[in-house]
Structure formats: C-alpha cells, structure tokens
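Colleague: Sending over a structure as structure tokens; questions will come in a sec.
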Amino acid sequence: IGTQVWMAENLKTTKFVNGETIPYWSGSNSKGFLYYNNDSGNKNIYGLIYNFYTAVDSRRICPPGWHLPSKDEWSLLVNYLGGESVAGGKLKESGINHWKSPNTGATNSSGFTGLPGGARDCSANFVGLGISGHWWISNAAIGGWVGGIRISNNSSSVVIDNGFDCNASYVRCVKD
C-alpha cells in the first residue's frame, strides 16, 4: 500500500519469535493473547487479541522481517489513502458479511481488509464485534496511555488515538 507492505490479516501467533509461548491472558498475568469472547472460533476470522505489553515485548510477536507499526507508519498509510476522513473506508472490508450495517464508505480499495474484530476493554468486557476494528501502535506507554488505530461501521474515517494499556487489541505487522 503505497511504499509500505502490510500483512494481509491480523496476527494469529501464540509464540514469540524466540519460540517462547505467549500465555492466554487471564488478566492476572502481565502478557498474553485472547480470543474475542473467549471463543477460539474467532481466531480464524479476526486473529488474536493481544494486550499492549505482549504487542511491544522485546521477544517480538511479528515474524522476522516484520514489526509492530509506529504512529508515523500508520500516519503514512492513512495519508496515502487520502487522510483520516476517508482512509477508514479504504481500509475496511466492503459489504456486511462481517461488518454491521451501514459500513459507511467501505471499499477496501487499499486491500488491507480491516475487519470489525472489536477489542477487550479495561473492565475485561469484549466490545465492538461487527462494529469496530482496533490495532496497536508501537509507541511506549506513558502513564498507562498507549496508541491505537480504530475504524468503525458508521464512519469512513480512521482514528489514531490513545487508549489504556489495560485494553487488548489486534496486531497488524508491517514489513521492515
């Protein structure tokens, strides 16, 4: 997409690059992954949801030659697609097979095929399935605040914003 190469789907790994197992995140351990709604059937469709400290772990979850994108890399993608007000539509899978109606502006003209896998919030609730897609940005946590990307079914925009490090979101890797 432009000058960048993005993975075609969300990450689904249960191992760090060094081979160590990523634990299922119970909330009591500091790192881990989840299936949306604790349903392993969601893995094949949406990928795995990772807490922030797993996404940025020094053992790396993106495979060799790939990395968790920075805010600048996401911004480059969004700007290439025409800016925040229209890029969300160009990143989203078109139609309502996975997205709830109205899936505003969805064309997937970028080939990113962003899906509405939702997220897990700080209260351990799974939220947004069919409504929103959330991805981590690699910036470090500052006072619990971390960066993320969000697209939703009722807008063609993309939001680059801050969230809490206690949330869990998806990872889409970009080529080094």
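Colleague: Quick check: at a probe of 1.4 Å, how many percent of the accessible area of segment 1-142 sits on carbon and sulfur atoms?
Modeller: On the way: 3380 of 6540 Å².
Carbon with sulfur: 52 percent of the solvent-accessible area.
Colleague: Over the chain, what is the relative contact order in whole percent, taking alpha-carbon pairs under 8 Å and six or more residues apart? Numbers along the way, then the final one.
Modeller: Numbers: 422 pairs, mean separation 47.1, N = 176.
Once normalised by length, the contact order is 27 percent.
Colleague: Farthest toward the dipole's positive end in the chain, which of 74, 173, 142, given Cβ charges of +1 (Lys, Arg) and -1 (Asp, Glu) about the Cα centre?
Modeller: Going by the charge dipole, the pick is 173.
Colleague: Roughly how many Å is it from the Cα centre of segment 1-45 to that of segment 52-82, as a whole number?
Modeller: Using only Cα atoms to place each centre, the spacing works out to 14 Å.
Colleague: Rolling a 1.4 Å sphere over the protein heavy atoms, what is the accessible area per residue of the chain, to the nearest Å²? Before the final figure, lay out the partial values.
Modeller: Values: 7810 Å² over 176 residues.
Counting only protein heavy atoms, the per-residue value for the chain is 44 Å².
Colleague: What list of ³J(HN,Hα) couplings, whole Hz, do you get for segment 119-133 from phi and the Karplus terms 6.51, -1.76, 1.60, once you set θ to phi - 60° and write x for glycine and proline?
Modeller: Once rounded to whole Hz, the list reads 6, 10, 8, 5, 8, 6, 8, 7, 9, x, 4, x, 10, 8, x.
Colleague: Pairs of alpha-carbon atoms within less than 8 angstrom and 6+ residues apart define the contacts here; what relative contact order does segment 90-176 have, in percent? Please report the intermediate quantities before stating the final value.
Modeller: Details: 195 pairs, mean separation 22.5, N = 87.
The value is 26 percent.
Colleague: Against the 2.2 N^0.38 Å scaling, with N counting residues, where does segment 1-60 land? I'd like the Cα-based Rg ratio to two decimal places.
Modeller: Details: Rg = 12.6 Å, N = 60, 2.2 N^0.38 = 10.4 Å.
Against the compact-globule rule of thumb, the ratio is 1.20.
Colleague: Here is a further query. How many percent of the alpha carbon pairs in segment 113-164 exceed a separation of 16 Å? Intermediate results must be reported in sequence, preceding the final value.
Modeller: Details: 564 of 1326 pairs.
Taking all Cα-Cα pairs of segment 113-164, the fraction more than 16 Å apart is 43 percent.
Colleague: Determine, at each q value in 0.14, 0.16, 0.18 (inverse angstroms), the log₁₀ of I(q)/I(0) that the Debye formula gives when each Cα of the chain is one equal point scatterer.
Modeller: -0.67, -0.90, -1.16
The values are calculated or read from the model by the stated rules, or taken from the named source; none is laboratory data. Small disclaimer: the values here were computed from a predicted structure and weren't measured. Positions of Cβ are generated from backbone atoms using ideal geometry, with glycine treated the same way; all protein chains shown enter the neighbour counts. For the accessible areas, the whole protein counts, side chains as well, though only heavy atoms, and no ligand, DNA or RNA atoms are used. Shrake-Rupley method; radii C 1.70, N 1.55, O 1.52, S 1.80 Å.
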